[in-house]
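Remarks on the structure that follows.
The values are calculated or read from the model by the stated rules, or taken from the named source; none is laboratory data. Remember, it's a predicted structure, so these values are computed and weren't measured experimentally. Neighbour counts run over all protein chains shown; Cβ positions are idealised from the backbone, glycine included. Note: accessible area is taken over every heavy atom of the protein model, side chains too, but ligands, DNA and RNA are not part of it. Shrake-Rupley method; radii C 1.70, N 1.55, O 1.52, S 1.80 Å.
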Amino acid sequence: MDGRQLNRLLLEWIGAWDPFGLGKDAYDVEAASVLQAVYETEDARTLAARIQSIYEFAFDEPIPFPDCLKLARRLLELKQAASCPLP
């Protein structure tokens, strides 16, 4: 999978995550920030904290950390799977 395909896949997952029930198109700016964060860390807890911070800053509402951690783990799994060469 090339970088563009991975970015599209990651953005699909990020966009489908709707922590405030506003619809998937309500988070374009936040999705771009989360995508950048995915490339800046390999640690799920660190990424989850970044996700939590991005959304809480934008919407001034708290998000439970476990929800962010679940998304962070999935995004990092996708990134890792894309970087593994096929046998």
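Annotations for the structure displayed:
- Candidate set: the stretch 46-76, residues that are among the charged types (D, E, K, R) and touching a helix residue (DSSP H, G or I) at 6+ places or on another chain (Cβ under 9 Å); chosen: the one farthest from Leu35 (Cα to Cα): Glu61
- Meets criteria (under 16 Å from Arg74 (Cα atoms) and out of contact with any helix residue (DSSP H, G or I) (no Cβ under 9 Å at 6 or more places or on another chain)) for Glu42: no
- Whenever a residue of the stretch 64-75 is closer than 15 Å to Thr41 by Cα, its partners that are open to solvent by less than 70 Å² (accessible area, probe 1.4 Å) and not in a helix (DSSP H, G or I), lying with C-beta atoms within less than 8 angstrom and at least six residues away or across chains, give the pairs Leu71/Trp17.
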